[in-house]
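**Student:** A single structure is presented below for examination.
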Amino acid sequence: MKRFRCVLGLLCALCLMLSAQVAQAEPMRVLWWDVSLDERSNKPANRQRMARFIDGYKGGSVYAVDYRFEPRRGAFARHMAANPGYGIVVITAANNNRVFNSSDQQAFRNFYASGRRALMLDGTLGIRNSDIRQRTKWPGANRSSANMLINQMEALRKSGGGLLIGTDHGKFQASANLALRAILPGAQFSRVTNPSRDGAFIGDLLLAEAAQVKPLDMLRHWEAIPNQGQAPVGGYTDFLGQGVRLYTLVEASDKPGGGTRRPYISSTIDPGNRRFDIASSTAPAVEAPPPPPPPVAPEPEPEPEVIDRMPTRKSLPAN
């Protein structure tokens, strides 16, 4: 009986471990919502290719991506109401129209309030895959554009999910700012930037969260169309009344350099204090994930107490 109970305990522990592994292996659901302009050299198909790249990452075991090109007011709210359960929402919004209405803004608040509160704000995502120049074509020099995108996604996933809002320079930021201000009143993308080589990546989140990116490859990509947007940084209060800090992930002063460094990408994820020169041709190393802990066998059951209930022996009668 004792051996049977031990075997049963081991089988139960093994089943729990396998169930946990299956749960961890479930891909995170991602919605890629595209409201950018449909231009000859930067069409929805360009953004869809990025979404498909994320969907196929590691054979599709990490993300399950739904891509939608839907620049109609109220469409985002209707989709979110009918399709709950997303872990990450990516917004590509490089246009000069206000395509989100009050119901869309409420849908952004609902998603954020559900616990997916990591934010990443990217003033360069509008040209991540564009046919305008050779250096803006996907997947970028040394796969830099693709690798930076997967680094952004992995950082959000490891933070429990959230929003990646991407846009372009000042003329095309209206819809991105509607989405952002629904969550962080007062925060907004701004300006037109012109990247110089006077800049730095802060932390290695964009450069080595999951894949290597050489800073110079991304700088040359931005220099090919030198009019990115400036992302907001600093302290804000979200619509729930909670304090939120946006950290700079990469910054550069406008050409020729020497002036104020302007943030291109920011996030609520603290990148740390390490700095990497924006013109460096060396990518930081990707840290290997720690090995999983060994399985813990269940404690053996204590030996049952044996009580001797045999009758007391008596001496034989004398002959």
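**Student:** Would you please classify the overall shape of region 43-114 from the alpha carbon gyration tensor, given that a ≥ b ≥ c denote the square roots of the eigenvalues, rounded means a/c under 1.5, and beyond that prolate means a/b larger than b/c while oblate covers the rest?
**Tutor:** It comes out oblate by the Cα gyration axes.
**Student:** Net charge near residue 211: determine it from the other residues with C-beta under 9 Å of the C-beta of residue 211, scoring Lys and Arg +1 and Asp and Glu -1.
**Tutor:** Working: positive: 143; negative: 154, 209.
Combined, the nearby Lys, Arg, Asp and Glu give -1.
**Student:** Counting other beta carbons within 10 Å of each residue's own, what order do 275, 72 fall into, fewest first?
**Tutor:** Lowest to highest Cβ neighbour count: 72, 275.
**Student:** Compute the length gained on full extension between residue 143 and residue 49: take 0.36 nm times their separation in residues and subtract their Cα-Cα distance, giving the result in nm to one decimal. Intermediate values should be presented prior to the final figure.
**Tutor:** On the way: separation 94, 0.36 × 94 = 33.84 nm, distance 1.39 nm.
Gain in length upon complete extension: 32.5 nm.
**Student:** I'd like the distance between the alpha-carbon centres of region 151-214 and region 48-92, rounded to an integer number of Å.
**Tutor:** With region 151-214 and region 48-92 each reduced to a Cα centre, they are spaced 18 Å.
**Student:** Roughly how many nanometres apart are two label points built 7 Å out from the Cα toward the Cβ at residue 131 and residue 103?
**Tutor:** Label at residue 131, label at residue 103, 3.5 nm between them.
**Student:** Within region 25-277, what percent of beta bridges assigned by DSSP are antiparallel, to the nearest 5? Show your work: numbers first, answer last.
**Tutor:** On the way: 22 of 45 bridges.
So the antiparallel bridges amount to about 50 percent of the total.
**Student:** Any idea what the dipole of region 25-277 comes to, in debye rounded to 20, about its Cα centre with Lys/Arg Cβ at +1 and Asp/Glu Cβ at -1?
**Tutor:** That gives a dipole near 260 debye.
**Student:** What distance in nm lies between label points placed 7 Å from Cα along the C-beta direction at residue 274 and residue 286?
**Tutor:** With each label placed 7 Å out from Cα toward Cβ, I get 1.5 nm.
**Student:** Using only alpha carbons, build the gyration tensor for region 25-277 and give me the equivalent ellipsoid semi-axes, biggest first, whole Å.
**Tutor:** For region 25-277, the ellipsoid semi-axes come out as 25, 20, 19 Å.
Coordinate-derived values only; no laboratory data. On a predicted model such as this, the values are computed, not experimentally measured, just so you know. Note: ideal-geometry Cβ built from the backbone for every residue, glycine included; neighbour counts use all protein chains shown.
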